1. Where residues in region 102-140 are open to solvent by less than 10 Å² (accessible area, probe 1.4 Å) and in a helix (DSSP H, G or I), which of them is farthest from the ligand (Cβ to nearest atom)?
2. Which residues, counting only those in region 1-50, are open to solvent by 70 Å² or more (accessible area, probe 1.4 Å) and either assigned to a helix (DSSP H, G or I) or closer than 15 Å to Phe108 by Cα (or both)?
3. Name the residues in region 151-170 that are more than 16 Å from the ligand (Cβ to nearest atom) and either assigned to a strand (DSSP E or B) or within 22 Å of Ala75 (Cα to Cα) (or both), would you?
4. Contact list please: Cβ distance under 7 Å, first residue in region 131-146 and under 13 Å from Pro273 (Cβ atoms) and in contact (Cβ under 8 Å) with a residue 60 or more places away in the chain, second residue among the β-branched types (Val, Ile, Thr) and open to solvent by less than 10 Å² (accessible area, probe 1.4 Å), pairs at least six apart or on different chains.
5. Can you spot a residue in region 185-195 that is within 16 Å of the ligand (Cβ to nearest atom) and either crowded, with 22+ Cβ neighbours inside 10 Å or hydrophobic (A, V, I, L, M, F, W, C) (or both)?
6. Mind checking which residues of region 245-280 are aliphatic (A, V, I, L, M), open to solvent by 20 Å² or more (accessible area, probe 1.4 Å) and under 14 Å from Phe195 (Cβ atoms)?
7. Cβ-Cβ under 9 Å, sequence separation 6+ or interchain: first residue in region 200-220 and touching a residue at least 24 places away in the same chain (Cβ under 8 Å), partner of a type in the set (Lys, Arg) and open to solvent by 20 Å² or more (accessible area, probe 1.4 Å). Which pairs?
8. Restricting to region 66-81, what's the tally of residues that are under 20 Å from Arg265 (Cβ atoms) and of a type in the set (A, V, I, L, M)?
Amino acid sequence: KILITGAFGQLGTALTEALIYKYGSEAVVATDLNIRDEFNCETLTLDATNLEAMDKVVRNHHITQIYHLAAVLSAKGEQQPLKTWDLNNTTFFNVLEAARLNDVQKVFFPSSIAVFGPDARQEHVAQDFGLNPTTVYGISKVAGEHWARYYNAKYDMDVRCLRYPGLISYQSLPGGGTTDYAVDIFHKAINNEEFVCYLKPDTQLPMLYMDDAIDATIRMMEASKRDIKTVGYNIQGVSFSPEIIAAEIKKTFPAFEVTYQPDSRQQIAESWPISLDDTCAREEWGWEPSYDLKRMTEEMIYRLELKKNRNLSVFA
Ligand code: VAH
């Protein structure tokens, strides 16, 4: 069975549904600190900072794969550095130890473009470029990649890892990320509200539509072990700035208003790459994105309008 931690987060919400769709509702155990009756699979409350609880779930549910998605993201993480470090690392340690003690076959660890620092603020950053993160979140992701390599080498485990760009999805409201303006902007557009952006208009960042992120994750996890040459693959979807995504949205909503009031998240954004070189992922396990800016924008608007109409119809 597949265990998911952080199943009710932005990535967790979409990945849990995708794993249920692909492997069946019996194959998935969704867990989080606070759970809702949302998934058609077994759903448990699990505090991932508690090793005993983690070990018990892995053992009692005969878990063979773990997707560890529970974490505090970059912006929120800077408000509580020690708590973020402790939570992001203790939970991953518990996953690694529970996996080791119970012979779990595969573990997925979500890394991020946040592993890079200001010296990597450029196009097509190579996968083996130096990792000099300047956020607690990024430091915890670099540490996670190193621990994954350590457990793979020392205990012959199979921990795999992707460096996600900012994820764009309609399934949930994101929380605490620096790239989350790119989700909020769509909600404001379809609600005919002005969007006040906390980044400067020309701040380019690597982004990835959630369907592409899910495809990359499952494709990498299903690849044969001999094809996985590294822990921490770069994957590149589409890089854009607030003014670029705003212009794309205005093609559907011409009256949409965006104003800019940069805050502390501007400095975080400027510490990350503009785009990533994902040659290794493409060549070693067949990564290939299918959403460009136009298709991502159309799909987000279509999905959010659908949700809005469905909610309205419920009250109609
Ligand atoms: C964040 N969405 O903004 C996350 C991501 C690329 C950044 O890890 O913190």
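1. Top of the filtered list is Ala120.
2. Correct list: Lys1, Glu17, Tyr21, Lys22, Tyr23, Glu26.
3. Scanning region 151-170 gives Val159, Arg160.
4. Pro133/Val115; Gly138/Val115
5. For region 185-195, residues within 16 Å of the ligand (Cβ to nearest atom) and either crowded, with 22+ Cβ neighbours inside 10 Å or hydrophobic (A, V, I, L, M, F, W, C) (or both): present.
6. Ala247, Ala255, Val258
7. Hits for this filter: Tyr209/Arg295; Ile218/Lys22.
8. 4
The values are calculated or read from the model by the stated rules, or taken from the named source; none is laboratory data. This one's a predicted model, so the numbers in the text were calculated from it and none came from an experiment. Backbone-built Cβ (ideal geometry, glycine too); neighbour counts: all protein chains shown. For the accessible areas, the whole protein counts, side chains as well, though only heavy atoms, and no ligand, DNA or RNA atoms are used. Shrake-Rupley method; radii C 1.70, N 1.55, O 1.52, S 1.80 Å.
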